[in-house]
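J.: What follows is a structure written as structure tokens; I'll ask about it next.
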2 protein chains.
Amino acid sequence: MMSHLRSGRLPDSAVRQESLRSLNLELVFRHIVTADRPISRTELANATGLTRPTITRIVEELLTGRLITESAVTHNGRAGRPRVGLTLSKTGPAGLGLDIRADGLAACVVDLTGTVRQLSFHPAPRSDAPTVLADLASMARAAVAAVAAELTVVNATLAVPGPVRDGVVQSAPALGWRCVDAAGPLRNRLGLPVTVDNEANLAALGEMYAGGPTDTSFVYVSGGLDIGAGIVLEGQLMRGTRGWSGELGHVSVHPDGEPCPCGSRGCLQTYASLSTILGEESAPADVTPDAVIINRAETGAPLTLAALERAGTALGIALSSMLNILDVNTVLLGGSFSLLSSWIIDIVKAEMDRRVLTASWAPIAIRPAVLGPDAAVIGAALTSIDEIRQHPTSWLARQTAGTA
Amino acid sequence: MMSHLRSGRLPDSAVRQESLRSLNLELVFRHIVTADRPISRTELANATGLTRPTITRIVEELLTGRLITESAVTHNGRAGRPRVGLTLSKTGPAGLGLDIRADGLAACVVDLTGTVRQLSFHPAPRSDAPTVLADLASMARAAVAAVAAELTVVNATLAVPGPVRDGVVQSAPALGWRCVDAAGPLRNRLGLPVTVDNEANLAALGEMYAGGPTDTSFVYVSGGLDIGAGIVLEGQLMRGTRGWSGELGHVSVHPDGEPCPCGSRGCLQTYASLSTILGEESAPADVTPDAVIINRAETGAPLTLAALERAGTALGIALSSMLNILDVNTVLLGGSFSLLSSWIIDIVKAEMDRRVLTASWAPIAIRPAVLGPDAAVIGAALTSIDEIRQHPTSWLARQTAGTA
């Protein structure tokens, strides 16, 4: 017996009148979200097949809920009445993104259009988890306050460098964290729903939003003290069964290589993490490891150049395994790898061309990520606001409850 | 700007009356498909929230279209009228599966309930592609004829050991194929729609249907002359961007290892394919390589036992990379690996426990696949019939057109 079908796109119970209303409201809203310019009520009626009275009612609901605004009157170049265009509101709900990096804390607020309205970074020495979370909450409150005149922050997403389960960071060696509840303390301090996710996943989402419609399937690899990857397939983040996908740093490059703190040997991490590339000479306290490596590479320091070559080769080998498994042919180098890309990108590409089975008839593209080190915090903020973009009716219901 | 949202579950245009009818028919049909016993009209009305007249109309349509049947009268144990139960039809549409293996050809027909109604295997010496496809078409016609009194075969799915694009097998070294159109010749000979897919993908689907609801996320690894893998995440086959995911055989185990015909070095293939395990002593012509290896291993032949240990270790290393990347914690050993599992399973498990980052807090399960070498052909047939289970209205429309 076939005991379970592939899940279809059908609703689980009959489509009734009220869910039909919600579906149609979400349909209209989605047309406004994806339009690349202000869209008129007539255009909405044509695009959706809904009647003018229905469009009028839905548009009124969206305007009242501060999800959309009417733009200045526009002319369509032909004779006749000028049209009023509808666009996403820049003064309605907003999403908060937070990021804990090895060298500091970041916060970001985006509005419903996905525009960054607030972005801040504070260098912070490595500290214990309660201190880090308290500092992050202060930054978050400042960011929310800074936009409060125009925007209502509705929820927050936190990026951390490691696998997460139910808001608890399972393991983040770069922070020295093991089983730390990050969602709880932030939720209590901010009074907002808080989601915690892997920084590579969120950075991949940030890159997808920034990259435009050409990049719907790619692997984003994040270099740094830890190495992680975010996987986007046809515009969807592939999180794995528990959100722990993309642990590229622990893919074996040489199975009998150096021991890794994870308990295995020869992990990519042991060849291509920032501390390995940096080598035994430690960096001065006031300069980031990336900056030290770039400075040494630019002056032609042979040990650094050799370390970059080893890192690039190992990264190419591990990425080849990933591409053979996933069937994706675009790679974005993010985090520290984006800063170091001019030294490693050709080496990585050469390994992939040799090791990916399909490369001979389906070329692989590799390039530095566009958002640089802010990809994860921007991706986190966009994830927060995307919740409203996907489910405008939940926001409208909250608005109604709030004013009732 | 967020230029593309994650694709939602919304339809692309307004929900109208006729699509509402289709949605509700598919909803009712889905309840009958997923029920584990005959289900009455009253139960359908309660489960779906649809009215009795609507249920009556839809059930009539499904009965006329031979998608469901009324089972014998059943009593529900209480007083009152006996109920008539509705179940999937065993005399309606059927799906055909075909499989080209290194040692022969297979065909399978399943009915709408997923029950295998016809399964045949013909040993066949390796031959050129046109001959293989002609032989396969003869087998397929015989299988269709054998069930014709009760079942109407509506479409066919072919399993091949290699990546496929638009019905064209890109590369199948085990068959000596490169860029072979497999769909066209079969479609012409059979007069049926034909889909071609990777055998590991289809075998994974077969295992999912056979395994019951516990296995909704797993990796199926298929051993043989070539090694491939099928990835199932939450009940969905992960095909990759072009259907070429799961090329586990070409994941690097030792990057400087032996050359692989693919052009790389140290691929899993060079450690764990049947011909590598078999070694230089060739097998007698009338015995399969698996049988030779099992016979030698059972008699304690040291070279064979050492080869199995090397193969198991390499498989464990490559699977660890896969699990670190995908975040899945169930592995099914299929194809030859299922026959050899008693020699390799502990070795594979030990490597994964050491090399998968999350293994220390989320245990990995590994076991032989249940369908054995028939997994791919059964999965192919189930894929064919699943098209009707997902889209009953398309079958009904064809029926109406055929009888008009």
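J.: If I ask for residues that are among the small types (G, A, S) and buried (at least 18 other Cβ atoms within 10 Å of the Cβ), which ones from the range B:48-66 would you list?
T.: Residue satisfying the conditions is B:G65 alone.
J.: Kindly state which strands (runs of 3 or more DSSP E) lie completely within the range B:169-238 and contain at least 2 residues that are without any contact (Cβ under 8 Å) to a residue 60 or more places away in the chain and under 28 Å from B:P130 (Cβ atoms).
T.: So the answer is B:177-181, B:194-198.
J.: Right, A:S338: closer than 25 Å to A:V232 by Cβ and crowded, with 21+ Cβ neighbours inside 10 Å or not?
T.: When the stated conditions are applied, A:S338 passes them.
J.: Another question about this same structure. Does A:G372 satisfy being of a type outside the set (F, W, Y) and more than 12 Å from chain B (Cβ to nearest Cβ)?
T.: yes
J.: Okay, next question. Considering the range B:348-370 alone, what residues qualify as being crowded, with 22+ Cβ neighbours inside 10 Å and either assigned by TED's automatic domain parsing to the domain that holds B:T157 or in contact (Cβ under 8 Å) with a residue 60 or more places away in the chain (or both)?
T.: B:A369
J.: Looking at the range B:313-332 only, could you name the residues that are of a type outside the set (A, V, I, L, M, F, W, C) and buried (at least 24 other Cβ atoms within 10 Å of the Cβ)?
T.: Matches in the range B:313-332: B:G316, B:S320, B:S321, B:N324, B:D327.
J.: So for the range A:240-257 (the condition being of a type outside the set (G, A, S), buried (at least 22 other Cβ atoms within 10 Å of the Cβ), under 17 Å from A:L332 (Cα atoms) and facing chain B (nearest Cβ under 8 Å)), does at least one residue qualify?
T.: The answer is yes, given that some residue of the range A:240-257 is of a type outside the set (G, A, S), buried (at least 22 other Cβ atoms within 10 Å of the Cβ), under 17 Å from A:L332 (Cα atoms) and facing chain B (nearest Cβ under 8 Å).
J.: Of the residues that make up the range B:131-152, is at least one assigned to a strand (DSSP E or B), within 24 Å of B:A229 (Cα to Cα) and assigned by TED's automatic domain parsing to the domain that holds B:Q390?
T.: no
J.: Something else about it: Can you pull out the residues in the range B:38-71 that are out of contact with any Phe, Trp or Tyr (no Cβ under 8 Å at 6 or more places or on another chain), within 19 Å of B:H391 (Cα to Cα) and away from every other protein chain (no Cβ under 14 Å)?
T.: B:V59, B:E60, B:E61, B:L63, B:T64, B:R66, B:T69
J.: Inside the range B:322-360, can you point out the residues that are outside any helix (DSSP H, G or I) and under 23 Å from B:A210 (Cα atoms)?
T.: B:D327, B:V328, B:N329, B:T330, B:V331, B:L332, B:L333, B:G334, B:G335, B:L340, listed by residue number.
J.: Moving on to the next point. Among the listed residues A:L382, A:L319, which satisfies the condition of being farther than 21 Å from A:C108 by Cα, within 14 Å of another protein chain (Cβ to nearest Cβ), out of contact with any Ser or Thr (no Cβ under 8 Å at 6 or more places or on another chain) and part of a helix (DSSP H, G or I)?
T.: So the residue among A:L382, A:L319 that is farther than 21 Å from A:C108 by Cα, within 14 Å of another protein chain (Cβ to nearest Cβ), out of contact with any Ser or Thr (no Cβ under 8 Å at 6 or more places or on another chain) and part of a helix (DSSP H, G or I) is A:L319.
J.: While we're here: What is the residue count in the range B:385-401 for residues that are within 14 Å of chain A (Cβ to nearest Cβ) and either small (G, A, S) or touching a Leu at 6+ places or on another chain (Cβ under 8 Å) (or both)?
T.: Adding up the residues that qualify gives 8.
The values are calculated or read from the model by the stated rules, or taken from the named source; none is laboratory data. This is a predicted model, so every value here is computed, not measured. No Cβ is skipped: glycine too gets one built from the backbone with ideal geometry, and neighbour counts run over all protein chains shown.
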